[in-house]
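The values are calculated or read from the model by the stated rules, or taken from the named source; none is laboratory data. What you are looking at is a predicted structure, and each value in this text was computed from that prediction instead of being measured. Here the Cβ is made from the backbone with ideal geometry for all residues, glycine too, and neighbour counts use every protein chain on show.
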Amino acid sequence: MPDRIIRGALVQTTWTGDKQSMIDKHVRYVEQAAREGAQVMCFQELFYGPYFCQIQDPQYYGLTEKIPNGPTVKLMQDLARQYGMVLIVPMYEEEQTGVYYNTAAVLDADGKFLGKYRKTHIPQVKGFWEKFYFRPGNLGYPVFETAVGKVGVYICYDRHFPEGARMLGLHGAELVFIPSATSRGLSMHLWDIEQRSHAIANGYFVGTINRVGVEAEFGANDYYGSSYFCDPRGSYVGEKGSDKEEQLIVRDLNMNLIQEVRQTWQFYRDRRPELYTDIVAL
């Protein structure tokens with residue numbers, strides 16, 4: 001069987017101080033990724049804003065947009081179409097006044113809006129006051145048929161929950177993107193473990209993105225980047241991203257490895273779902 005190679009891209013960036021310049025910066029990164037041959041690309045969590053959840057302030061409700069009918073999705077659809085690139089675009093979504101979600105729009109290489117994933121697990125602890133801003137996602141765990149294959153999305157805090165990662169695998173995901181905003185501290189130990197574990201347990205590729213730099217208006221939190229792709233064995237595809245610098249990461253992913261790994265480790269065949277009912281009963 002000939003290798004089925006797709007070229008994926010991740011971009012980790014610093015906060016510029018305003019929404020429009022963040023959008024402009026990401027447009028330039030899409031153009032750069034296209035020059036490097038990328039076929040699919042994912043941005044970081046809440047890509048055009050700061051990570052404002054360190055405080056509880058209603059002014060940040062103003063960063064919401066409609067998905068798919070807002071201006072940023074329309075712009076990204078044009079870029080996807082222009083460059084023939086699948087785009088995963090994490091944004092702050094307004095469903096209606098007062099009903100907001102942490103959402104990723106998925107756009108196919110012809111610019112078609114395929115759907116969206118809404119962050120399911122919403123933290124509410126010091127420095128991560130997300131329930132002030134977001135309702136829990138209500139769309140389940142969709143997997144999108146794209147020009148590069150079957151793509152799923154999980155967002156930041158979701159990564160601590162293996163159940164959703166498994167659901168994406170059961171729904172057929174071949175490549176799962178996990179955009180995040182996570183700062184130095186306890187999560188650094190988990191960053192290299194959990195997401196690679198999802199790839200291993202479910203036999204798919206993972207591309208995970210974290211922003212970089214200090215967003216001074218929210219205190220001293222230092223985002224540590226370290227974005228990476230890993231394969232279904234949990235091995236890094238190339239090097240991880242910098243823990244300090246803005247960076248575009250472009251990697252070739254051999255999708256044939258999915259079948260090879262799944263036929264070696266028969267995790268789907270040997271599941272015992274009839275014995276897992278306590279997971280949802282408790």
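Laid out as a table, the results:
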| item | result |
| --- | --- |
| Wholly within segment 205-256, strands (runs of 3 or more DSSP E) carrying at least 3 residues that are surrounded by 18 or more Cβ atoms within 10 Å (Cβ to Cβ) and of a type in the set (V, I, T) | 205-210 |
| Strands (runs of 3 or more DSSP E) within segment 4-123 that include 2 or more residues surrounded by 22 or more Cβ atoms within 10 Å (Cβ to Cβ) and either free of Cβ contacts under 8 Å to residues at least 24 places away in the same chain or of a type in the set (S, T, N, Q) (or both) | 99-107 |
| Matching entry among H198, H189 (being within 27 Å of M167 (Cα to Cα) and either exposed (fewer than 14 other Cβ atoms within 10 Å of the Cβ) or modelled with pLDDT under 95 (or both)) | H189 |
| Flag if E274 is within 28 Å of H189 (Cβ to Cβ) and free of Cβ contacts under 8 Å to residues at least 12 places away in the same chain | no |
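Here is a yes/no grid of residues against (1) within 19 Å of the chain's Cα centre (by Cα); (2) within 21 Å of V206 (Cα to Cα):
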position: M76; (1), (2): yes, no
position: G84; (1), (2): no, no
position: E95; (1), (2): no, no
position: G98; (1), (2): no, no
position: Y101; (1), (2): yes, no
position: G115; (1), (2): yes, yes
position: F132; (1), (2): no, no
position: V153; (1), (2): yes, yes
